[in-house]
Every structure is written in structure tokens, then in C-alpha cells.
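Have a look at the structure below before the remarks.
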Amino acid sequence: MRKFLSLVIGIMSLCFAPIARAELHVDIIAGETEPISIAVQKFETVGKVSSSDVKMLREVVENDLKRTGLFRIVNHDAFPEFVKMNDMPNFKNWAAIKTQNLVQASVKAEGKDNYKLEFYLWDVNGKEQIEAQSLVASKKSVRRLAHIMADAIYERLTGEIGYFDTQIVFIAESGSVTDRVKRMAIMDQDGYGMRYLSDKNTLVMSPHFSPNMATVVFLSYRNDDPMVWALDLDTGNQTKLGNFGGMSFAPRFSPDGTKVALSLVKNGITNIYEYDINEKTLRQLTFGKHIDTSPSYSPDGKYMAYNSDMSGSQQIHVLDLGTLKQKRITFGAGRYATPAWSPDGHFIAFTKMAEDTFYVGIMNQDGRHEKILAGGWYMEAPSWAPGSRRVVYYETERSEDNQERISHIRSVDITGQNIYDIELPDGLSGTEPTWSPKLP
């Protein structure tokens, strides 16, 4: 399966005049910014290039950028000219239709199985070329080529890490409320190419990627024995993480991929432990008779956020992994759960339950400046995109007769703006999504 994810890509920078980076500064609190207008020309072709592939490339690039809410795609009918790859744009004409950036691209067939994609990005107001790249990949990976191209454009114009060349692992649910089937599945971040990673006979929950995308850890109820398992994405093999002498759940990899934090129930008490994959040893991190769960490492691996009821209600705490001293960081009205540390270390996403409503929000790593991003009847399991710009979560619709359960996987910007559903195949609900790092 991992070989399906892999893509051998050669990237080389083409010659262009170095200029100051065009940064986009977004007010995270207010969430207001004027979208960057960008025109993506029709891709030129050289050799035996599939017309459907070329059309797909352009559409995927435009859709990736548009979904961010940070870009406005210029209508094709408004284009004043078609600029060939080796020609200079007429900047005055493009500025007249309020285009800030122009993208030129060409696709060339390389041998029987590969495409070579070249693209240029122009700053219309600055009248300069600000990005140029050449990408080579298998024809079977044409969509991934588009995602990588969109990432490069996004990164050049915003100064942030792109997240289009990524995937989401989640639980695909189907069937009635009384006979629910839960299978682990994986898809591209835009919902394309969904495929199952587990069969329909075993209940699975809480999947999470390793940092190198080689493994997914998850909770499996195999043989009515709820334990943490690991799936090798290269071979498809599944193995029990360890024999811990009790129910284990809520696994999460450490930033270096050498350890897995998990909750373990012993003698009716739930604490958080850390399993060393290489040494096959277990270290207890929290102590007491309360319920400690949902561990999430800080990006530097020095701290861990988790939720605990030690104060009498479910709240988020932060544990120093060196001293094992903990500190409660949430004090707002309601209960807090499922913390997720952002990749840049600045924020912790969370689920909040207050006044019969569920919320997904973010806060600073010390618990201050809480910001609610979305609210509804039931929502949970926030997970971060690379670059810490967006959060994915799931929301379940309220059923008046409790005869059906429909859950959507949704993505929201950290400003609380631009919420959208990630489309799933008909008849499927999605829960417990986890966003991957950028693909290797």
C-alpha cells in the first residue's frame, strides 16, 4: 500500500530573477483578508499527453487553491491573452482584469510512463517571474503532480507550508445505528482515491499516522480484545503493538516516530503510558485514580497535552515529559477533550462541550486566547494540516428518531472561516480523521 503512496519526483529550479518573497499576513483573530487573485492558464502539451490528464491537472491546482479561501481564481473567459511558456505576459492587460498572479504551465510526455510538468508563476504588479519549477512523475500520479504544483504556488505566495500533497486516514462508517460497520480508510486531502485499510469484520477506531507515513496506529476490537495495533502501509501487515495487561486505546506517535503514547486501563484506572517501539518498553506518564486520555505530543517532543477529569470535570492538562509534572490549562465553561498540538507548536486544537453543544476550537499552548472555530450537535477529533493553517474534524448530524447516523468530515481555517466538507462516496459517513504530514 505504501508503494501506492510513493512517488519518485525530480524537482529542479528553473532560472528566474530573485525577488523579495511575497508574504500574505492573515489576521488570525479577525479572519479577514482579501483573496489573492490568480489566473491559471490552459496547460501546453508536448508529445502524447492525455487531454483528460491535462484538464485534470489544471482543475486540481485551481480547486486546491480555491478551497483555502485565500485565493480567487480568475474566470477563464476574462483572460486577455494566452501567453506561451517562453513569452512574457502583457502585464498591463492582466492588471486590467485585477489579476495579481499568472500561472503558465506545460506538460511533456517523457518516455512511455512519465510526464514532465513545468510551470512559471508571475507577479503581475511586480512584473517579474517569482517561481519556476520542473517536476517529473509517473503518469499514474498525475493528480499528485497537481497537488505538488499547488503546494509550490501556495508556499510562494503565502510564506506558509502547503498541505495539498497530503492524505487523511479516518473511520468510514456505514449501516444502521444498531448494526454499524466501521472500517479504517485513507484518501487524499480533497477526498479523492478513498480506499479501505481494514475489513468490515473488525471494529476499529482512532487511527493516527507515524511522522514518516510508514505506519498507522489504531484501536482494534479484534476478538473482543480492545488493543492498540499498528498497520504497516508498505506491506499491509497488522501487528499488536504490545501485550500491556489491560485495554489500551487513544494511540499517538511521538514527533520522532520512536514512541507511541497511549491510554492503558489497569485495575479500572486509566493512565497514559509511553511505549518505546525499539526497546519494547512501557513507561508510565500519569498517575492517580482519574481518567487520563487523548495524549498529543508537542512538536519538540518535550511536552504532552491530554485530557483528564482529575479536577472533577474533563479538562486539558499539559505534562512535562522530563519531570512528569502536569498543569491544567483550560478553565472555561464546559468540558474540554481531544487536544491536538499544531505542527508549528503555537496552538492546541480541542473539543469543547458546553450547554448541550459541541465545539471545535484552538487556543495558545498555555490555554489562553481560546477561539471557537465551529459548533454543532456533535463534533470531535480535531487534527492539523501541515503548516498549522487548517484543522480537520468530524461532525455528526442530529437524528430526531435516532434511526440513522450521518457524520461529515470537515475542514476549517484557523480564522474560523471557510468551512467545507470533504466529499465521501455515497452511503458513507466519516469520523475520527487524522491529517497526514506531507507525503514522502
Return the pair list, or none, for Cβ contacts closer than 9 Å from residues in region 413-440 that are without any contact (Cβ under 8 Å) to a residue 40 or more places away in the chain and surrounded by fewer than 18 Cβ atoms within 10 Å (Cβ to Cβ) to residues that are assigned to a loop (DSSP other than H, G, I, E, B) and among the small types (Gly, Ala, Ser), at least 6 apart or on different chains.
Asp421/Gly191
Where in region 187-287 are there strands (runs of 3 or more DSSP E), lying wholly inside it, with at least 3 residues that are more than 18 Å from the chain's Cα centre (by Cα)?
227-232, 238-240, 248-253, 259-266, 269-276, 281-284
For region 288-316, enumerate the residues that are under 19 Å from Lys259 (Cβ atoms), part of a strand (DSSP E or B) and not aromatic (Phe, Trp, Tyr).
Asp292, Thr293, Ser294, Pro295, Ser296, Met304, Ala305
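If you check Lys98, Lys84, which single one turns out to be on the phi > 0 side of the Ramachandran plot, modelled with pLDDT of 95 or more and part of a loop (DSSP other than H, G, I, E, B)?
Details: Lys84 fails: on the phi > 0 side of the Ramachandran plot.
When all the criteria are applied, what remains is Lys98.
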Being buried (at least 17 other Cβ atoms within 10 Å of the Cβ), assigned to a helix (DSSP H, G or I), on the phi < 0 side of the Ramachandran plot and free of Cβ contacts under 8 Å to residues at least 40 places away in the same chain, is that true of even one residue in region 110-118?
no
Given (1) touching a Ser or Thr at 6+ places or on another chain (Cβ under 6 Å); (2) modelled with pLDDT under 95; (3) of a type outside the set (D, E, K, R), His208 misses just (2)
Would you mind telling me which numbered condition in (1) on the phi > 0 side of the Ramachandran plot; (2) touching a strand residue (DSSP E or B) at 6+ places or on another chain (Cβ under 9 Å) Met379 fails?
(1)
(1) of a type outside the set (A, V, I, L, M); (2) in contact (Cβ under 8 Å) with a residue 60 or more places away in the chain; (3) touching a Phe, Trp or Tyr at 6+ places or on another chain (Cβ under 6 Å) all hold for Ser138 apart from (3)
Residues of region 120-167 satisfying the condition of being outside any strand (DSSP E or B), within 18 Å of Glu110 (Cβ to Cβ) and not hydrophobic (A, V, I, L, M, F, W, C)
Lys139, Lys140, Ser141, Arg143, Arg144
Taking the condition surrounded by fewer than 23 Cβ atoms within 10 Å (Cβ to Cβ), outside the structural domain of Pro339 (by TED's automatic domain parsing), touching a Ser or Thr at 6+ places or on another chain (Cβ under 9 Å) and farther than 26 Å from Pro339 by Cβ, does Val142 pass?
yes
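The values are calculated or read from the model by the stated rules, or taken from the named source; none is laboratory data. Just so we're clear, the structure is a prediction, and the values are computed from it rather than from any experiment. Methodologically, a virtual Cβ is constructed for each residue, glycine included, from the backbone with ideal geometry; neighbour enumeration extends over all protein chains shown.
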